[in-house]
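Engineer: Please find one structure pasted underneath; my questions will follow.
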Amino acid sequence: MVDTSDEWITERTGIKERRIADSSISTSDIALEASKKAIKDAGIKASEISMIIVGTITGDMPMPATACLLQKKLGIKDIPAFDINAACSGFLYGISIADGFIKSKSCKYILVVGAEMLSRFTDWKDRTTCVIFGDGAGAALLTGHNGKDGILSTHIHADGNFSDLIKIPAGGSQKPTSELTVRERMHFIKMKGNETFKIAVKTLGSLVEDTLKHNGITAQQLSLLIPHQANKRIISAVAERLGISEDKIMMNIEKYGNTSAASVPIALDEAVRSGRIKPKDYILLEAFGAGLTWASALIRW
Ligand code: ACO
């Protein structure tokens, strides 16, 4: 479709495969599949959930929120449900909000989902973006307990001065959909990749350092770093800056590409299911995306 090569994609991003959803399904459908698994693993009934938060920039439609569509598909009602538009940081923004509601004892069970169908917003004629993004969903069920372990801290940030770096320019109030916006392919993701790359490496390095410092632990005490899977080189550069060895980094970008808000929960799920996380381990989750936004969470499992 475009002038590229497997060699370029592998070397520059680490991506070998991606998942592209069938046209008959939408973001809330894959959010539902992930949610059902999380609810089953948590051993609760959907009706016990007190809040639904969905991190997504590729919802089923501009409104209503995909979280409300998911709520309907789960067959539950009368609880708050809303989306978070924080791009790749959406799941961790959701975790941070859920953590606050749980710790204040306002909610017992909160479903946090990261779900994206980036393929629907990818310009398959733009080689700078069409080789990167994939579809996917991941979900987590959060609840409180009396012990000291669990989510130790969350950190969420944004800097709108960099809002031009990654965007879908049309389809909003600034540039409503018109023949012109469609013709000019303005409903697709535009990204200044290289500029974003440099800011990501710098920002994520500081973010991880600050998160560790906040909790009084060192990088060496971490059992696993679960980064947003945007680019293998970003992940490796951050790990190198922090002196974290490759075996302590969860990496699955080669299978899924960049799935934005879904990448952290998918990686977390794979880490849990493959036995890479044990009780009492320190796990650090981090992400960076359009906005610009960035976020982290330190968990004692
Ligand atoms: N195939 C072949 N060549 C390509 C391709 C491609 N698919 N894409 C770009 N090139 C070329 C460019 O034209 C350029 O050529 P030139 O040197 O002749 O001008 C060369 O490759 C290098 O281009 P760069 O843009 O400098 O490539 P870079 O090494 O920066 O890699 C990438 C590009 C993979 C996009 C990288 O910058 C990146 O991963 N950026 C960060 C993305 C990110 O973290 N986004 C945040 C989350 S996404 C979200 O929020 C939705």
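Engineer: How much length is gained if the chain between R12 and K40 is pulled fully straight, taking 0.36 nm per residue apart and subtracting their Cα-Cα distance, in nm to one decimal?
Structural biologist: Values: separation 28, 0.36 × 28 = 10.08 nm, distance 3.80 nm.
The span from R12 to K40 would gain 6.3 nm if fully extended.
Engineer: Along the charge dipole of the chain, Cβ charges K/R +1 and D/E -1, which of M117, A230, G147 sits furthest on the positive end?
Structural biologist: Sorting the options by dipole projection puts first G147.
Engineer: A follow-up question, please. Starting at the first residue of segment 20-37, write each ³J(HN,Hα) from the Karplus equation 6.51 cos²θ - 1.76 cosθ + 1.60 with θ = phi - 60°, in whole Hz, x for Gly and Pro.
Structural biologist: Calculated HN-Hα couplings, in order: 10, 5, 5, 5, 7, 10, 10, 4, 5, 5, 6, 4, 5, 4, 5, 5, 4, 5 Hz.
Engineer: Can you check what the Kirkwood hydrodynamic radius comes to for segment 163-249, Cα pairs only, in Å to one decimal? Present the calculation step by step, with values, prior to reporting the outcome.
Structural biologist: Values: mean 1/r = 0.0652 Å⁻¹.
Across segment 163-249, the inverse of the average 1/r is 15.3 Å.
Engineer: Shifting gears a bit: Hey, what do the phi angles of segment 174-187 turn into as Karplus ³J(HN,Hα) couplings, whole Hz, using 6.51/-1.76/1.60 and θ = phi - 60°, x for Gly and Pro?
Structural biologist: 6, 9, x, 4, 8, 4, 5, 5, 5, 4, 8, 6, 8, 8
Engineer: Give, in nm to one decimal, the length gained when the segment between E195 and M63 is fully stretched (0.36 nm per residue of separation minus the Cα-Cα distance). All intermediate terms of the calculation are to be shown ahead of the outcome.
Structural biologist: Numbers: separation 132, 0.36 × 132 = 47.52 nm, distance 3.14 nm.
That works out to 44.4 nm of additional length.
Engineer: When the dipole is taken about the Cα centre of segment 152-300, and only Lys, Arg (+1) and Asp, Glu (-1) are charged at their Cβ, what size is it in debye, to the nearest 20?
Structural biologist: Numbers: 19 positive and 15 negative charges, 23 e Å.
Once rounded to the nearest 20, the dipole reads 100 debye.
Engineer: Relative to the Cα centre, what is the charge dipole magnitude of the chain, using +1 at the beta carbon of each Lys and Arg, -1 at the beta carbon of each Asp and Glu, and rounding to the nearest 20 debye? Please list the in-between numbers first.
Structural biologist: Numbers: 37 positive and 34 negative charges, 118 e Å.
Dipole of the chain, to the nearest 20 debye: 560 debye.
Engineer: Next question, about the same structure. Not counting ligands, DNA or RNA, and with a 1.4 Å probe, what is D210's accessible surface area in Å² rounded to the nearest 10?
Structural biologist: 90 Å²
Engineer: Still on this structure: Could you give me the ³J(HN,Hα) list for segment 88-98, computed from phi with Karplus coefficients 6.51, -1.76, 1.60 and θ = phi - 60°, whole Hz, x at Gly and Pro?
Structural biologist: In residue order, the calculated couplings are 5, 8, x, 5, 6, 4, x, 4, 5, 5, 4 Hz.
Engineer: To continue, here is another question. Nothing charged except the Cβ atoms of Lys and Arg (+1) and of Asp and Glu (-1): what's the magnitude of the dipole of segment 6-146 about its Cα centre? Round to the nearest 20 debye.
Structural biologist: Working: 17 positive and 17 negative charges, 108 e Å.
Dipole size: approximately 520 debye.
Engineer: With r as the distance between the Cβ atoms of F82 and N146 and R0 = 41 Å, compute the FRET efficiency 1/(1 + (r/R0)^6) and round to 0.05. Mind showing how you got there, number by number?
Structural biologist: Values: r = 28 Å, r/R0 = 0.69.
Using R0 = 41 Å, I get an efficiency of 0.90.
Engineer: Can you figure out the FRET efficiency of I217 with N161, using R₀ = 25 Å and their beta-carbon distance, to the nearest 0.05? Intermediate values should be presented prior to the final figure.
Structural biologist: Values: r = 31 Å, r/R0 = 1.26.
So, using R0 = 25 Å, E works out to roughly 0.20.
Engineer: Next question. If the viscosity is 1.002 mPa s and the temperature 20 °C, what Stokes-Einstein diffusion coefficient in µm²/s follows for the chain when Rh is the Kirkwood radius over Cα pairs? Could the numbers behind the result be given before it?
Structural biologist: On the way: Rh = 19.4 Å.
Reported coefficient: 110 µm²/s.
Engineer: Here's another thing I want to ask about it. How many percent of Cα pairs in segment 6-146 exceed 23 Å?
Structural biologist: On the way: 3615 of 9870 pairs.
Percentage above 23 Å: 37.
The values are calculated or read from the model by the stated rules, or taken from the named source; none is laboratory data. None of these values were measured; they are calculated from a predicted model. Cβ atoms come from the backbone with ideal geometry, glycine included; neighbour counts cover every protein chain shown. The area values use the complete protein model at the heavy-atom level, side chains included, leaving out ligands, DNA and RNA. Shrake-Rupley method; radii C 1.70, N 1.55, O 1.52, S 1.80 Å.
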